[in-house]
Amino acid sequence: RYLPGIYQTFPLLLAAYLIRFFAEALSGVDTALVAISPRTEEAARSLGRTPLQVVREVTLPMMRPGLLASSILVFLSVIKELPATTLLIPTGSHTLATEVWRKTTIGAYGAAAVPALILIAVSIPLVAGQRPGLCSARWIWRYSSMPGVAAMMPECGPFHRSMPAWRG
């Protein structure tokens, strides 16, 4: 009633998504940034790099895996978001999540399977693409000698046994 020109518009929906998922995105960025030692940036500065060059050539490349994982998680959360989408999406527009909800409420489970399978098909490669990082040499070197970890990660293969022991 108060702002009829903005209600049920895509800019309002994008603003709602931004507010809803900002904390999730920021959490991944913060985790990636905290993992970078300040000594690395100090070393780059001592080698004559400007602050902007340090960010571009050192910090961002080291943050890239965390930023990628964070963006994938936010993307997956957005494509399955239902409450904000249902309330704010423009009339006549549909997303995969709203289609699944709309078709299951009328009992058309077969018709709801198609958008649900598309959601799953989009999600699987994104999540599976993040899995190989668990078997990186650094992860294996650090954790494979800890009791029970080798049993939990059989897909890392037999080579993890030859890595040095974890030093705590």
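At R0 = 45 Å, how high is the FRET efficiency between THR50 and LEU18 if r is their beta carbon distance? Nearest 0.05 is fine.
Computed FRET efficiency for THR50 and LEU18 comes out at 0.90.
Tell me, what are the semi-axes, in whole angstrom and largest first, of the equivalent ellipsoid of region 16-130 as set by the roots of 5 times the Cα gyration tensor eigenvalues? Write out the running numbers ahead of the final one.
Numbers: eigenvalues 335, 43, 18 Å².
Those come to 41, 15, 9 Å.
What is the extension gain from LEU87 to ALA108, computed as 0.36 nm multiplied by their sequence separation minus the C-alpha to C-alpha distance, in nm to one decimal?
Between LEU87 and ALA108, full extension yields 5.4 nm more.
Between ASP30 and PHE10, what length comes free when the chain is fully extended (0.36 nm per residue of separation minus the Cα-Cα distance, one decimal in nm)?
Additional length available on full extension: 4.4 nm.
Each value in this text was obtained by applying a stated rule to the coordinates, not by laboratory testing. Here the structure is a predicted model, which is why all the values come from computation and not from measurement. Don't worry about glycine lacking a Cβ; one is built from the backbone with ideal geometry, like all the others, and counts go over all protein chains shown.
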